[in-house]
Structures are given as structure tokens and as C-alpha cells.
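Each value in this text was obtained by applying a stated rule to the coordinates, not by laboratory testing. Computed from a predicted structure; not experimentally measured. Heads up, the Cβs are rebuilt from the backbone with ideal geometry, glycines too, and the neighbour counts pull from every protein chain shown.
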Amino acid sequence: MKRKINIPEIIVVLALAVFILMLFLPHTGRAKELSRILLCMTNQRILSQAWLAYQEEYDGHLVGGSTYYRGSRATPYRWVERPLYKPDDNPEFDPMPTDNELTHEYRLNGIKAGELFPYIGNTSVYHCPASRLWPPQNEPHAVYLSYQVSGTMNSEDFIYREGWPGTISIYRTIFFPDGTRQSLICVEKYNQIKNPVKKYVLVEEDVQGAFGQLFPAGGFVLMSNMNFWSWWDWPAGFHNGQATFGFADGHAETHRWMDNRTIWLLRGYDNSGKSFSSIIHPDNPDLEWMNRGYLVAK
């Protein structure tokens, strides 16, 4: 039997914090913004603790962090699935809705079919209250799932998996700022993670706004083209200059961006004029912080 996360206790603490904010910041947009950040952090904490509970039950093996279910970057035992007709469907065998058929119900079915849902039992935890995608977007653009798993946390950032479900046998390589070339390890067990308190598992991402995706595909990936200073994906800009993260020790926190290049990027465009497929920000402290949290085996 799955050990459910104690959501009511967390919500009570959150409600008290929001109430105090409203007392000190009445009738202001700032109070509303802070309450949304607190709600998002609560979501991240619940999801991170469910992620921890899964590996405890499965002898340290991490839940699959990618939504890909076939192909070279596929992950077994996925934390969520893509939209499904029914919550007990399996995308490897059962028919799936086409893009034109997407509904909110089908999106929630994909969440319920994921391996972490039995620990949580509440689909609202998967949605950032500051998201601009649902509501008011109409289908097929009403993306509901606000979070992605880091690509190196048993997710999509690897080259080849030996067999199925198998184990990862070939990794990507990255050029680091000191000129060295090193393997980018995608861990499969919890004991491979170095300093879990500093390594994030969950990132909020605006997949529709950034890439036009109708639902989150794969995981959250950094360092495109083997370049340490290159974004591949980037966090959502839901929280006005900051973002929330869930970490491998089960805690959640916000991180405030320091570089204007990051802020422009999260607002929807990159003022360097480069393609979104490879945005290079040399010496960006935000990208440095993101990459250090992404390098889970270092």
C-alpha cells in the first residue's frame, strides 16, 4: 500500500501563511502574488516528497522522470503520462487522444495514470496557480501540468538504454567552462545523487509558451549542443522574476533570477537574437546555478 503524503497538514500551514500575508498586505497584488508562490512551493514540496516515497518503496530506484514511453530517450515507470482516454490506460498499448481531441479530462487522466499519483491523490498539486495556460487558454492549448522532472533524474537526458526497461549505458558529454569534456550522468538510483539538498528534481516549465507543446513532452533538459553556457529548456516565468523548485531531499524553495538575459528569456523572448533551440548566455549566474543543480552525480 502506498504511503500517502500528508497533504491536509501541509495545506493548513500554507493557509495560515497566506492569511498572515493578507493581514500585512491587504488588497494588494503583491499579496496575491506571494500567495501563489506559496501554493506553488507547497505543490513542489508534496511532489518531491512523493518522489522520495517512491524510491523508498522501490529499493532506491527512481521513478521515470520523462513522459516519453518509446524511442531512444524513453523511461519506464513514468511519474506522469501524456493525456489518456482513461486513467488506467497505458500509452505503450492503448489508443491515445490526438492533439485535436485533447480535453481537460484526458490531461488529468494522464496525471492519474502516473506512478506518483497514488502517493498524492490530488491532481491540483500538479498545477501552478500562477500558470497562464489553464485557465484561460482553450483546448488544445490548455496545458495543465506545470512541472517537469530534471532530465538527469532518471529522465530523458541520456543517449542509450540497454534493453527495456533496462539500464542507461551511454550518456551525453558536456564541455565545461574549464575546457574539460565530461559525461553528463543521468542517475537511476537515489544513492547516485551527490548532495541531494542542492539537486532539484522538479522545475516549473511553460511548455506551450516556450515550445508550442500541447502537453509536457519528455523532461527538463539543460546544456544543449554540449555547451555548459547554453539553455535547452528554461523555467516558466510565472512568478515575476523568480521560480520554484522541488529538491531531492524533499524540500522546496524559490530562486530569484539575477541576470537580465534570464528575465527576458522567461518573459518569452531572447534579446540576443539567437534561436530558441540554442540560447547561449556566457557567464550567466542563473544558468550556472541551474546547471550545478542539474549535475546530480557531481
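Hey, fewest Cβ within 10 Å first, where do I111, I170, I279 land in order?
Ordered from fewest to most neighbouring Cβ atoms within 10 Å, I111, I170, I279 come out as I170, I279, I111.
If you average the sequence gap of Cα pairs under 8 Å that are 6 or more apart and divide by the length of the stretch 181-275, what percent do you get for the contact order?
25 percent
Students often get this wrong: which residues of the stretch 40-70 have the backbone nitrogen under 19 Å from the point 7 angstrom along Cα-to-C-beta of R132?
Taking a point 7 Å out along Cα→Cβ of R132, the residues of the stretch 40-70 whose backbone N falls under 19 Å are 40.
For the chain, what does -39500 (n - 2.57) per DSSP helix run (n ≥ 4), summed and divided by total residues, give at 222 nm, in deg cm²/dmol to the nearest 500?
-8500 deg cm²/dmol
So for the chain, averaging the separation of alpha carbon pairs under 8 Å that are six or more residues apart and normalising by length, what relative contact order in percent results?
That works out to 19 percent.
Mind putting a number on the dipole of the chain about its Cα centre? Charges go on the C-beta only, +1 for Lys and Arg and -1 for Asp and Glu, and I need it in Debye to the nearest 20.
Using Cβ point charges on Lys, Arg, Asp and Glu, the chain gives about 500 debye.
Within straight cross-link reach of K86, meaning Cα distance under 29 Å, which lysines are found once same-chain residues fewer than 8 apart are removed?
Within the straight-line cut-off, K86 pairs with K2, K4, K112.
Have a look at C186, G163, N109 and report the one farthest towards the positive end of the charge dipole of the stretch 7-294, computed about the Cα centre with Cβ charges (Lys/Arg +1, Asp/Glu -1).
C186
How would you rank 205-217, 131-143, highest first, on the average number of other Cβ atoms within 10 Å across their residues?
Going from most to least packed, we get 205-217, 131-143.
Once mean projected area of the Cα convex hull in nm² is worked out from the coordinates, which option in (i) 21.2; (ii) 15.8; (iii) 23.2 does it equal?
Only one listed value fits the structure, namely (ii).
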